[in-house]
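Below is one structure; the comments refer to it alone.
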Amino acid sequence: MLLEVEGTIPQPADIVFPLVRDEMAKIVPHMPDIERIDVLSTEKRDDGRLSTVNQWFSRPSNIPSLIQKFVKPEFFSWKDYALWNNETYSVDFELESPIANDLYDAKGTNHFGPHPSLEGQTLIRIQCNLTIYPERMPGVPRFLAKKVQPTIETMIRRTLEPNLSSLIQGLTGYFADTNNR
């Protein structure tokens with residue numbers, strides 16, 4: 001399934017892009033679905049691009065009773081492997097579940113470019129291709145996996161999709177606070 005989110009930030013891309021790349025902790029207080037983001041590694045590559053690994057922690061809510069006993073809090077966190085391209089104001093990413101790195105495949109690209117029609121503003125496009133394998137979820141018997149597959153897919157989608165859009169909300173809130181100081 002393809003998850004897509006788009007939004008406009010009333011700041012130039014050359015301010016928005018480095019903020020997201022280098023200082024996500026400043027945005028987290030404005031992201032209602034995110035508890036915290038831990039930076040695990042940062043490395044400048046020979047080609048000039050920056051490679052980062054972050055651990056994201058979501059705030060789970062409304063876990064269906066059918067799967068509550070199988071779902072641990074770690075299920076609502078993920079590693080984000082990112083490769084940042086300063087020239088194109090973009091980042092290619094791959095997400096990994098910390099409890100089962102083959103539970104899903106999630107790869108995508110975020111673009112933080114100058115808005116084509118609104119001078120001095122940034123157009124953010126977030127795209128993520130997501131394939132879920134609930135039969136690989138630890139603790140879920142195979143015979144039950146097929147029954148709970150739609151529930152698990154819905155839960156993962158409900159967790160990831162708002163977190164994608166919460167980046168836009170977080171940036172909007174961050175800049176509103178910064179401008180009001």
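The values are calculated or read from the model by the stated rules, or taken from the named source; none is laboratory data. Nothing here was measured: the structure is a model prediction, and the numbers come from that model. Cβ: placed from backbone, ideal geometry, glycine included. Neighbour counts: every protein chain shown.
Summary of values
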| quantity | calculated |
| --- | --- |
| Extreme residue, nearest to the chain's Cα centre (by Cα), among residues of the stretch 1-33 that are more than 17 Å from residue 85 (Cα to Cα) and assigned to a helix (DSSP H, G or I) | 28 |
| Near pairs, Cβ below 7 angstrom, 6+ apart or cross-chain, from the stretch 104-120 (under 15 Å from residue 1 (Cα atoms)) to any residue that is of a type in the set (Ser, Thr, Tyr) and not in a loop (DSSP other than H, G, I, E, B) | 104/131; 105/131; 109/90 |
| Failed item, numbered, when residue 54 is tested on (1) more than 21 Å from residue 89 (Cβ to Cβ); (2) among the polar types (S, T, N, Q); (3) under 12 Å from the mean Cα position of the chain (by Cα) | (1) |
| Residue, farthest from residue 82 (Cα to Cα), within the stretch 34-52, restricted to residues that are in contact with a strand residue (DSSP E or B) (Cβ under 8 Å, 6 or more places away or on another chain) and outside any strand (DSSP E or B) | 45 |
| Complete set of residues in the stretch 122-158 that are closer than 24 Å to residue 9 by Cα and either at pLDDT 90 or above or surrounded by 19 or more Cβ atoms within 10 Å (Cβ to Cβ) (or both) | 122, 123, 124, 125, 126, 127, 128, 129 |
| Some residue of the stretch 55-73 being at pLDDT 90 or above and out of contact with any Cys (no Cβ under 8 Å at 6 or more places or on another chain) | yes |
| Unmet requirement for residue 97, which otherwise passes all of (1) at pLDDT below 95; (2) of a type in the set (Gly, Ala, Ser); (3) surrounded by fewer than 18 Cβ atoms within 10 Å (Cβ to Cβ) | (3) |
